[in-house]
Amino acid sequence: MDALLDLSDPTNPREAEWPAAEFIVGNPPFLGGSLLRSGLGADYTETLWSVFDDRASANVRPMLLLAREGAGPDRGEGDEASGPARDPGHSGQQDRRVLERINESGGIFFARSDDPWVLSGANVHISFVGQDDGGEAPAELDGTTVAGINANLTVGLDLTLARRLQENLGIAFEGDKKGGPFEIDDAMAKILLAVPNPDDRSNTAVRPWVNGQDLYGRRARRWIVDFGVDMPEHQAALYEAPFQHILGAVRQTTMRPANWWRHGRPRPEMRAAVAGRQRTIATVRHSKHRIWTWLDAAVLPDSALVVVAEDDDYTFGVLHSRVHEVWARATGTQLREVESGFRHTPTRFETFPFPRPTDESREAITAAARELARLRDGWLNPPGLDPAELGGRTLTNLYNARPTWLGHAHAALDTAVLAAYGWPPDLTAEPLLAALLALNLAREPA
């Protein structure tokens, strides 16, 4: 990381000058955004982002840009930079923006989009990227000669052109990131809820909480101590038992000494969006199956979830259709190998062009979505089933087995959603994506 900045003059930090080179080969280390400040120090991190401004949004992506610029025609006789290697996140949203800049000023001439890397105790999947000034042709992707490589390390239809849509903003959110051991079990919650407070306030700081395992499994009754977005310490302390419970557990472990009683990222926009609703729509961010389910709005969702602040069956139906899943998978990134699943983020929702339904097509989607939910809930919670057998009835197990009735219910929903777009029920993935991209580009961008 020291190669990124020239700090010889503390009053004028700037990009480090790299020597002219014919080739630059590197393996950028990965340090997640949440650990960047603690790993590099707050001052260095702030300086790094101030120097690179909006050219690299997180982690260590400036190294990709410096490799491009350092090997460019203005910096030496050569024109190639190759070898940045790490998780397949090179095709992810934040890395993708950097690679888009590289394609604008040069080109990706070589890439391996997903390779296993088992070395010296590491067991991860990585991407290799070779970049130049755009003069290298043809390109090679995963061992195949291609005309060009998109910024998401694909060929053909370039879904990186998709834009966030104005109509979809402020609806989908990543859940609350607690940033410390605020969660409690059912037994402790009952104890804390029973303790009176000095000013007779109710213990609303103890509330139900759900994570990804709960959403797709048999939901354990979990709780969390939550003082909201900006409650000052003297007010939080009036919730006597909850505050005293986290005083030792959280204060000693948090890296936020100034606001240790608050969650790391309480997601105020999400909280405002779901306020007043009875239910919201939720999915697990990292999952093999893209399953959407209803979530009681009184439950605080963990950061492992993406929450859509809508409560109507129509939206639920569109999100759970093949149309949305094809888009989400194509514009998202996988975890490791394909079998492990893929990531879903609020951006997948924000770029997705919903249909413009007639009243009739909206009713058809609503009816199909309700029927899917009814059948699914009937399978998950049949009356009179032995508790031991009931424990195995989870959404994950259901979608792993995918019984025929579930396939029929989803097919009916898919047909209704495709009809709302005016598209045939047998539309395959590639033309479907092309049609969705055209809709996205025709609508008002954010």
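The values are calculated or read from the model by the stated rules, or taken from the named source; none is laboratory data. Given the structure is predicted, the values throughout are model-derived calculations rather than measurements. Neighbour counts run over all protein chains shown; Cβ positions are idealised from the backbone, glycine included. Heavy atoms of the whole protein, side chains included, go into the accessibility calculation; ligands, DNA and RNA do not. Shrake-Rupley method; radii C 1.70, N 1.55, O 1.52, S 1.80 Å.
Quick check for you: with a 1.4 Å probe and neighbouring chains kept, what is the accessible area per residue of segment 199-296, in Å²?
Values: 4790 Å² over 98 residues.
Accessible area per residue: 49 Å².
Taking 1 over the mean of 1/r across every pair of different Cα atoms in segment 158-242, what Kirkwood radius in Å do you get? Walk me through the intermediate numbers first.
Details: mean 1/r = 0.0641 Å⁻¹.
This gives a value of 15.6 Å.
Carbon and sulfur: what percent of segment 278-404's accessible surface (1.4 Å probe)?
Details: 2620 of 5290 Å².
Using a 1.4 Å probe with all protein chains present, segment 278-404 comes out at 49 percent carbon and sulfur.
How big is the Cα convex hull of segment 202-311 in projection, averaged over all directions, in nm²?
Working: hull surface 30.4 nm².
It is 7.6 nm².
Students often forget the sequence filter, so: which lysines lie under 25 Å Cα-Cα from residue 288 once same-chain residues fewer than 8 apart are removed?
Partners found: 177, 178.
Starting from segment 327-423, pick out the GluC sites (Glu not before Pro) whose DSSP state is loop and whose Cβ has at most 11 other Cβ atoms within 10 Å. Numbers along the way, then the final one.
Working: sites: 337, 339, 350, 360, 363, 371, 389; in loops: 337.
Here the GluC sites (Glu not before Pro) that fit, given the DSSP loop and packing criteria, are 337.
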